[in-house]
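Encoded as structure tokens, the structure appears first; notes follow it.
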Amino acid sequence: MGNVRRPCTVRAMSDPVQAPHPGRTATRRPLVVLEGVQKHFGALHVLKSIDLTIAEGEVVVVIGPSGSGKSTLCRAINRLETIDGGRITIDGEELPAEGKDLARLRADVGMVFQSFNLFAHKTVRQNVTLGPVKVRGTSAAEAGRRADELLQRVGVASQASKYPAQLSGGQQQRVAIARALAMDPRVMLFDEPTSALDPEMINEVLDVMTGLARSGMTMVVVTHEMGFARRAADRVVFMAEGEVLEDAVPEKFFTDPEHPRAKDFLSKILTH
Amino acid sequence: MQVIVDNLDAFGRGAWGTIVLFFWSTLGSLVLGTLLAVFRVSPSPALRAVGTIYVNLFRNTPLTLIMVFCVLCLPILQITFTEDSGRQYRAYAVLALVAYTSSFVCEAIRSGINTVPVGQAEAARAIGLPFTKVLSLVVLPQAFRAVVPPLGSILNALLKNTSVASAANNFELISAMRGLVEQNGNAVIAVLIGTTVTYVVLALLLFAGVEVLERALDRDRKGARA
Ligand SMILES: Nc1ncnc2c1ncn2[C@@H]1O[C@H](COP(=O)(O)OP(=O)(O)O)[C@@H](O)[C@H]1O
Ligand SMILES: [Mg+2]
């Protein structure tokens, strides 16, 4: 199968193995700030006054039961979903309403979806160059060079001229990461990036993400992959029923969660 | 049958008139239909309303009525396009055909847009593409693939609908036929057969064109299907 792990390529983008140190966030300035964010879907209250600050270079893992509002939170940060109350700022700048300003701001926020969402009618390489050329105005040649570099980095350079449907899920997701990186985003959002993958492909994607985290990228990652959270996260945020119930460093969260719901949730997923 | 052979040039001129009407009407209704479809899926409630009202008005009005309106009322409203009266009537006829056909094109494209998974548009928005580029670069190219077969049927209907323009001082196949019938009262059946054959040949050419397009899009799509 074409989904061989390529640890060497991944290691190329990361420092030698090194645990993230929780203290580092204190010195960094806040990049993404949510204040009292509210979201309803009709009568359903999905985000209940969420306060969350993500510092530059910080990796935050969001965890919680299905339906707790994790996806909605991610989608609110780049305004794929509008909010009904509160404020979301990125580098101090409030999210603009629809229009050119919003599009510009979205370009600065990379998003990786559970279902990859690669453009089905474009080749892998075109998927990666589309944004830089059409949004940033980069020349086709320059965007192509950069795309090849990024595809190399995520280990799918040999697939550049194929269409998404010809790739394995793991390869598609790595292309999706390259597509987001091509915009030079200031923060990357991952919404359950490995949930749609066959088990044997999960690690190839997590390795790329770990490398990205080590390279200093600011990341918000919705995932239930404990290994990744322990390895790469600075903080774990636990959500349930639209509220942030716990916000702790990974070690503390996994060994000694405070909130009963977090304890309950952990006992369920860890015994699986 | 001698009457057909003797009047090949009349059939030819009629067919040419039909082709010209068809060509401009196709071009116009594809452009306007696509634009209306974009209106109908746009985030602006006002644009959506315009699209909906347009489609429901023109799709549900007989083409003959639209044609008569263009030919009789537009001159009264002093809406003219050219000095030349032949061209003027053709422009009115094309306008009527476009107004009518684009409502069907719009609905076909809109249903094509609905076949494109919503994640495609979200990924496009997420990389910072504005609404118009999300549609033109990502959604519409994928929607058009699903639209080719129904569009073929709509254009087939348009080809025959050009005959309504004969009532609006346009010279096309039906006008040619009427002229020939008047001159050859004893060979009406032959004239009708000749006219039918001409329409069928034009429709088959159109069908072949649609097939070629469909195959080209399929080839382009290559492995894009799982
Ligand atoms: N577009 C929508 N319309 C209506 N309800 C929605 C929509 N999106 C999500 N929801 C609901 O909001 C709640 C939170 O969803 P989501 O953010 O997807 O949760 P999670 O990602 O944590 O599983 C769920 O109850 C879900 O059914
Ligand atoms: Mg979710």
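Listed values, structure above:
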quantity	calculated
Which listed residue is of a type in the set (Phe, Trp, Tyr) and either within 14 Å of chain A (Cβ to nearest Cβ) or over 24 Å from the mean Cα position of the chain (by Cα) (or both), from B:Phe171, B:Phe104, B:Phe144	B:Phe144
Number of positions in the range A:109-124 that are within 7 Å of another protein chain (Cβ to nearest Cβ) and over 14 Å from B:Ala121 (Cβ atoms)	0
Hey, B:Ala157 surrounded by 18 or more Cβ atoms within 10 Å (Cβ to Cβ) and either part of a helix (DSSP H, G or I) or polar (S, T, N, Q) (or both) or not	no
A:Val187 vs. criteria closer than 23 Å to A:Thr72 by Cβ, in contact (Cβ under 8 Å) with a residue 12 or more places away in the chain and at the interface with another protein chain (Cβ under 8 Å from one of its Cβ atoms)	no
Candidates B:Gln78, B:Gln88 - the one that is among the polar types (S, T, N, Q) and open to solvent by less than 70 Å² (accessible area, probe 1.4 Å)	B:Gln88
Subset of the range A:61-84 (residues that are within 8 Å of ligand 1 (Cβ to nearest atom) and among the polar types (S, T, N, Q))	A:Ser66, A:Ser68, A:Ser71, A:Thr72
Residue, least open to solvent (accessible area, probe 1.4 Å), within the range A:191-200, restricted to residues that are in contact with a helix residue (DSSP H, G or I) (Cβ under 8 Å, 6 or more places away or on another chain) and within 12 Å of ligand 1 (Cβ to nearest atom)	A:Asp191
Cβ-Cβ under 8 Å pairs, at least 6 apart or on other chains, the range A:70-97 side at positive phi, far side within 16 Å of ligand 2 (Cβ to nearest atom) and of a type in the set (A, V, I, L, M, F, W, C)	A:Gly86/A:Ile50
The range A:122-143, residues that are farther than 15 Å from A:Leu181 by Cβ and in contact (Cβ under 8 Å) with a residue 12 or more places away in the chain	A:Lys122, A:Thr123
Qualifying residue in the range A:136-159 (condition: under 20 Å from the mean Cα position of the chain (by Cα), on the phi > 0 side of the Ramachandran plot and within 16 Å of ligand 2 (Cβ to nearest atom))	no
Top-ranked residue in the range B:15-67 [being away from chain A (no Cβ under 14 Å) and not in a helix (DSSP H, G or I); ranked as surrounded by the fewest Cβ atoms within 10 Å (Cβ to Cβ)]	B:Asn60
Qualifying residue in the range A:220-228 (condition: open to solvent by 20 Å² or more (accessible area, probe 1.4 Å), under 25 Å from A:Ala107 (Cβ atoms) and away from chain B (no Cβ under 14 Å))	no
Filter result for the condition that a residue is over 26 Å from B:Tyr89 (Cβ atoms) and within 14 Å of chain A (Cβ to nearest Cβ), over B:Val210, B:Val138	B:Val138
Residue check for B:Leu8: more than 19 Å from B:Ser166 (Cβ to Cβ), free of Cβ contacts under 8 Å to residues at least 40 places away in the same chain and hydrophobic (A, V, I, L, M, F, W, C)	yes
Every residue from the range A:151-167 that is surrounded by fewer than 21 Cβ atoms within 10 Å (Cβ to Cβ) and part of a helix (DSSP H, G or I)	A:Gln152, A:Ala157, A:Ser158, A:Ala165, A:Gln166
So A:Arg87, is it among the basic types (Lys, Arg), within 20 Å of the chain's Cα centre (by Cα) and away from ligand 1 (no atom under 15 Å from the Cβ)	no
Unmet criterion (only one of (1) under 30 Å from A:Glu241 (Cβ atoms); (2) in contact (Cβ under 8 Å) with a residue 24 or more places away in the chain; (3) more than 10 Å from chain B (Cβ to nearest Cβ)) for A:Leu151	(1)
Residue among A:Glu81, A:Glu98 that alone is within 16 Å of ligand 2 (Cβ to nearest atom), within 14 Å of another protein chain (Cβ to nearest Cβ) and more than 15 Å from the chain's Cα centre (by Cα)	A:Glu81
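One line per residue, one yes/no per condition, for (1) in a helix (DSSP H, G or I); (2) open to solvent by 30 Å² or more (accessible area, probe 1.4 Å); (3) not aliphatic (A, V, I, L, M):
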| site | (1), (2), (3) |
| --- | --- |
| B:Ser153 | yes, yes, yes |
| B:Ser166 | yes, no, yes |
| B:Phe171 | no, yes, yes |
| B:Met177 | yes, yes, no |
| B:Val181 | yes, yes, no |
| B:Ile189 | yes, yes, no |
| B:Ile193 | yes, yes, no |
| B:Val197 | yes, yes, no |
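The values are calculated or read from the model by the stated rules, or taken from the named source; none is laboratory data. As the structure is a prediction and not an experimental result, all values here were calculated from the model. With ideal geometry, Cβ positions are generated from the backbone for all residues, glycine too; neighbour counts draw on all protein chains shown. Please note that ligands, DNA and RNA were not included when accessible areas were found on the heavy atoms of the full protein model with its side chains. Shrake-Rupley method; radii C 1.70, N 1.55, O 1.52, S 1.80 Å.
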